[in-house]
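Trainee: A single structure is presented below for examination.
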Amino acid sequence: MAKVLTITLNPTVDVSGDAEVIRPVRKVRTTHGRFDPGGGGINVARVTAKLGRAVEAVYLAGGEVGQMLDRLLAEQGVATRRIAIDGQTRLGFIVHETSTGLEYRFVPEGPAVPAARLEDVLAVVADHDSDYVVGSGSLPAGAPEDFYARAAQAATRRGARFVLDTSGPALKATLERTRVFLAKPSLSELEHFAGRRLAPDDAAGVASDIVSRGGAEFIAVTLGADGAILAGRDGVTRLPTIPVRVRSAVGAGDSFLAGMVWALMEGQDAIEAFRFGIAAGAAAAMTPGTELCRIDDIGALLPRLARR
């Protein structure tokens with residue numbers, strides 16, 4: 001069975017809940033609280049495990065919050081390989097204001113990471129038996145911008161496909177210095193890469209240019225309410241989003257990516273995998289807080305996305 005290895009260099013334990021109104025100074029009391037493991041690669045691993053594929057999450061973690069992260073991942077059935085660091089793992093906070101429907105997200109910076117621990121992660125990538133390696137999430141303080149480029153090279157050397165979901169200098173350094181199988185920037189992340197504002201047609205052009213220059217085999221650009229774009233050697237496909245009642249945007253992009261990788265491992269072609277990813281992202285938006293997508297919701301949503 002094909003395996004997935006996910007990389008999370010700056011994970012979190014996400015605390016989420018509801019509040020009727022968020023006001024300054026006064027106490028804001030929350031309900032429906034939950035704790036979930038978080039960070040891009042960890043979220044991808046959570047969804048992949050739900051979908052029934054073998055997955056292992058390698059991540060850097062430390063302190064009491066790191067111990068909580070270990071326990072939460074074990075409870076969700078995710079195989080893990082923790083690399084210990086001295087700093088305290090992040091606690092993120094997400095509050096849904098029920099009176100307005102707005103969501104407030106508080107994301108700490110996270111601890112600095114020594115170079116030796118990053119080398120440990122690269123050694124795992126180089127020696128793992130996975131068919132796909134997903135590098136997802138922000139780089140921690142102290143990590144060089146070319147870390148994901150090096151991880152992609154380590155995965156590619158042993159025949160694995162490297163999938164990238166990051167932003168800023170790390171995205172630019174990876175796509176300009178090596179080749180990945182799939183990259184999934186959001187529109188704003190692609191705008192930062194291009195150095196200008198992009199309409200959807202412009203985004204399709206930038207994504208196609210990355211493919212033609214050899215930066216990636218596929219680029220999937222998520223456009224929020226405007227759907228998503230997939231660029232590959234055979235051209236560009238744009239699909240709309242699936243209208244749903246949005247409860248939380250947390251993890252929608254990670255669910256999209258996990259769904260797409262899962263479908264590719266199931267033998268689906270890139271366009272069908274793209275459709276499955278859109279359904280998984282929409283399913284994640286239907287769940288509260290940091291729950292991510294539900295498998296039954298993906299199955300119900302997929303027929304609503306017309307084939308093109």
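The values are calculated or read from the model by the stated rules, or taken from the named source; none is laboratory data. What you see is a predicted model, and the numbers here were worked out from it, not measured in a lab. Every residue, glycine among them, receives a Cβ derived from its backbone with ideal geometry; neighbour counts consider all protein chains shown.
Trainee: Give the stretch 206-244 a look and list any residue that's of a type outside the set (V, I, T), surrounded by 15 or more Cβ atoms within 10 Å (Cβ to Cβ), at pLDDT 95 or above and not in a strand (DSSP E or B), or say none.
Mentor: Those that are of a type outside the set (V, I, T), surrounded by 15 or more Cβ atoms within 10 Å (Cβ to Cβ), at pLDDT 95 or above and not in a strand (DSSP E or B): A207, S208, G215.
Here is a yes/no grid of residues against (1) within 23 Å of T287 (Cα to Cα); (2) modelled with pLDDT of 95 or more:
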{"position": "L73", "(1), (2)": "yes, yes"}
{"position": "D86", "(1), (2)": "no, no"}
{"position": "G101", "(1), (2)": "yes, no"}
{"position": "R105", "(1), (2)": "yes, no"}
{"position": "R117", "(1), (2)": "no, yes"}
{"position": "A123", "(1), (2)": "no, yes"}
{"position": "D127", "(1), (2)": "no, yes"}
{"position": "A141", "(1), (2)": "no, no"}
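Trainee: Can you tell me which residue is surrounded by the fewest Cβ atoms within 10 Å (Cβ to Cβ) among those in the stretch 66-120 that are within 19 Å of G251 (Cβ to Cβ) and β-branched (V, I, T)?
Mentor: V107
Trainee: Identify, please: which residue in the stretch 1-42 is exposed (fewer than 13 other Cβ atoms within 10 Å of the Cβ), aliphatic (A, V, I, L, M) and touching a residue at least 40 places away in the same chain (Cβ under 8 Å) and is, among those, nearest to V163 (Cα to Cα)?
Mentor: Checking each candidate, the answer is M1.
Trainee: Residue check, A160 against (1) out of contact with any Pro (no Cβ under 8 Å at 6 or more places or on another chain); (2) more than 27 Å from V221 (Cα to Cα), all met but one. Which one?
Mentor: Unmet for A160, out of (1) out of contact with any Pro (no Cβ under 8 Å at 6 or more places or on another chain); (2) more than 27 Å from V221 (Cα to Cα): (2).
Trainee: Return the total of residues in the stretch 126-146 being within 20 Å of D254 (Cα to Cα) and not charged (D, E, K, R).
Mentor: 10
Trainee: Have a look at A79, A54, A84 and point out the one that is among the aliphatic types (A, V, I, L, M) and over 20 Å from the mean Cα position of the chain (by Cα).
Mentor: Working: A79 fails: over 20 Å from the mean Cα position of the chain (by Cα); A54 fails: over 20 Å from the mean Cα position of the chain (by Cα).
Going through A79, A54, A84 in turn, just one is among the aliphatic types (A, V, I, L, M) and over 20 Å from the mean Cα position of the chain (by Cα): A84.
Trainee: Quickly run through the stretch 127-146 and pick out the residues that are under 21 Å from E56 (Cβ atoms) and surrounded by fewer than 15 Cβ atoms within 10 Å (Cβ to Cβ).
Mentor: Result: D127, D129.
Trainee: Then there is this: Among the residues that make up the stretch 188-198, is at least one of them buried (at least 22 other Cβ atoms within 10 Å of the Cβ), within 17 Å of the chain's Cα centre (by Cα) and touching a residue at least 12 places away in the same chain (Cβ under 8 Å)?
Mentor: Yes; the residues of the stretch 188-198 include at least one that is buried (at least 22 other Cβ atoms within 10 Å of the Cβ), within 17 Å of the chain's Cα centre (by Cα) and touching a residue at least 12 places away in the same chain (Cβ under 8 Å).
Trainee: Of the residues E56, E75, which is of a type in the set (D, E) and in contact (Cβ under 8 Å) with a residue 60 or more places away in the chain?
Mentor: Only one candidate passes the filter, namely E56.
Trainee: To continue, here is another question. Checking G281 against (1) surrounded by 19 or more Cβ atoms within 10 Å (Cβ to Cβ); (2) modelled with pLDDT of 95 or more; (3) in contact with a strand residue (DSSP E or B) (Cβ under 8 Å, 6 or more places away or on another chain), which test does it fail?
Mentor: Failing condition for G281: (2).
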